[in-house]
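These notes are about the structure you will find just below.
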Amino acid sequence: MGTSTRWEGPRWSGLNSRLARWDPDRSDPEAAATAAIDALQGSCRDDPSAFGLRDSACAAGARLADAMETLGAAGPSGLLNKDPVHEDLASEEEGDRLDWQDPADAFVAELTRQVGGEGSTMVDAALRRAIAASAQRLLTAHPETRESLTAPDGSSQGRGLAGDLLCLLYQWFFADLVTEFLRAVIAEKIKLTVPVLEVIDSEGRIADGVAERITALIPNPCEEAEAQAAEAAKAALSVNDDSAEADVPLSDVARRLVPGVVGKILGFAVDALGEEEVPA
């Protein structure tokens, strides 16, 4: 227990042989992405506790839903606001944590801390890279999010982030989680079989293929919330002739979807996971 060795990753013979025979000019990164996903999902079906991915992904998804609630109510700046009830108990380290010159950097760091947790496993590291990448993409693809963090006089404080942006963040995170985990697996296998990582995937095409395929599996919480609201309104109308719009909190829907989302991306039988509790 006092020594450490290189983590060689799972024994995925199909992916191993594909990478060992890799030809940058002829090999197909799309096929490699499919092989990597198939290998991961096969391992998880054989052993639902494999790599600790299932429990870790569910717990992080629940934490992301909590963050979505804050972002939806108060926007990115709200995520950085200290809780006045506990402010006097904050340590100097906690105070320094958000002392960033760029509020956008602070937003990424805090969202990463809240969602990624503080674990030390390879899966924990993949979680943190995934949420950081998703947060950065949100700032880049939607500049208004970055601008809201730097608005003069805090004029954007209290303005919630639009639901469609929250749903993008949700979908990106789960896709990025699988991508980052497989990126780490592939990197370790390449170190064992090919001397330079860039020879295999210099343009990130395998990772892009993984992200594209996994994203297609992830339901959109916004669409699910709309469907649930419509169903609730229909039920209310049939009971008391009241057509008032039902309130279905997006963060609640996102949280309930987590077990099924994790089941889909890891290749489990989704129907068996739909009613499970999300790990705390």
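The values are calculated or read from the model by the stated rules, or taken from the named source; none is laboratory data. Only a predicted model underlies this, so the values are computations on that prediction, with no experimental measurement involved. Cβ sites come from the backbone with ideal geometry, for glycine too, and all protein chains shown count toward neighbours.
Taken over the range 6-20, the criterion of being modelled with pLDDT of 80 or more and assigned to a loop (DSSP other than H, G, I, E, B) is satisfied by TRP12 alone. With respect to ASP47, is the statement that it is more than 25 Å from ARG137 (Cα to Cα) and modelled with pLDDT under 90 true? The answer is no for ASP47.
A quick yes/no check of all residues on (1) under 16 Å from SER148 (Cβ atoms); (2) modelled with pLDDT of 85 or more; (3) assigned to a helix (DSSP H, G or I):
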| residue | (1), (2), (3) |
| --- | --- |
| ALA60 | no, yes, yes |
| LEU64 | no, yes, yes |
| ALA74 | yes, yes, yes |
| SER77 | yes, yes, yes |
| ASP83 | no, no, no |
| ASP88 | no, no, yes |
| GLU93 | no, no, yes |
| ASP99 | no, no, no |
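Just the residues that are modelled with pLDDT under 80 and not aliphatic (A, V, I, L, M), please, taken from the range 206-243. Across the range 206-243, the qualifying residues are LYS234, SER238, ASN240, ASP241, ASP242, SER243. Residue count for the range 24-44 under the criterion of being hydroxyl-bearing (Ser, Thr, Tyr), modelled with pLDDT under 90 and in a helix (DSSP H, G or I): the result is 0. Can you pull out the residues in the range 101-145 that are exposed (fewer than 15 other Cβ atoms within 10 Å of the Cβ), within 18 Å of the chain's Cα centre (by Cα) and either assigned to a loop (DSSP other than H, G, I, E, B) or of a type in the set (Gly, Ala, Ser) (or both)? Within the range 101-145, GLU118, SER120, THR121, ALA141 meet the criteria. Given VAL258, VAL262, VAL278, VAL253, which one is within 27 Å of ASP176 (Cβ to Cβ), touching a helix residue (DSSP H, G or I) at 6+ places or on another chain (Cβ under 9 Å), buried (at least 17 other Cβ atoms within 10 Å of the Cβ) and at pLDDT below 75? Testing whether each residue is within 27 Å of ASP176 (Cβ to Cβ), touching a helix residue (DSSP H, G or I) at 6+ places or on another chain (Cβ under 9 Å), buried (at least 17 other Cβ atoms within 10 Å of the Cβ) and at pLDDT below 75 leaves just VAL278. Between a residue in the range 50-67 that is without any contact (Cβ under 8 Å) to a residue 60 or more places away in the chain and any residue that is in a helix (DSSP H, G or I), which pairs come within a Cβ distance under 7 Å, given they are 6 or more apart or on different chains? From the range 50-67, the pairs are ALA50/SER43; ALA50/CYS44; ARG63/GLN114; ARG63/VAL115; ALA67/LEU79; ALA67/LEU111; ALA67/GLN114; ALA67/VAL115. Residues that are surrounded by 15 or more Cβ atoms within 10 Å (Cβ to Cβ) and among the polar types (S, T, N, Q) were ranked within the range 21-53; the one that is farthest from SER120 (Cα to Cα) is SER27. Whenever a residue of the range 227-240 is surrounded by 12 or more Cβ atoms within 10 Å (Cβ to Cβ), its partners that are at pLDDT 75 or above, lying with C-beta atoms within less than 7 angstrom and at least six residues away or across chains, give the pairs GLN228/VAL248; GLN228/VAL253; ALA229/VAL248; ALA232/VAL248. When the range 146-177 is limited to residues that are over 18 Å from ALA65 (Cα atoms) and either within 19 Å of the chain's Cα centre (by Cα) or in a helix (DSSP H, G or I) (or both), the one that is modelled with the lowest pLDDT turns out to be GLY154. Per this entry, ILE200 is not counted among residues that are under 29 Å from ILE37 (Cα atoms), crowded, with 16+ Cβ neighbours inside 10 Å and either out of contact with any Phe, Trp or Tyr (no Cβ under 7 Å at 6 or more places or on another chain) or at pLDDT 90 or above (or both).
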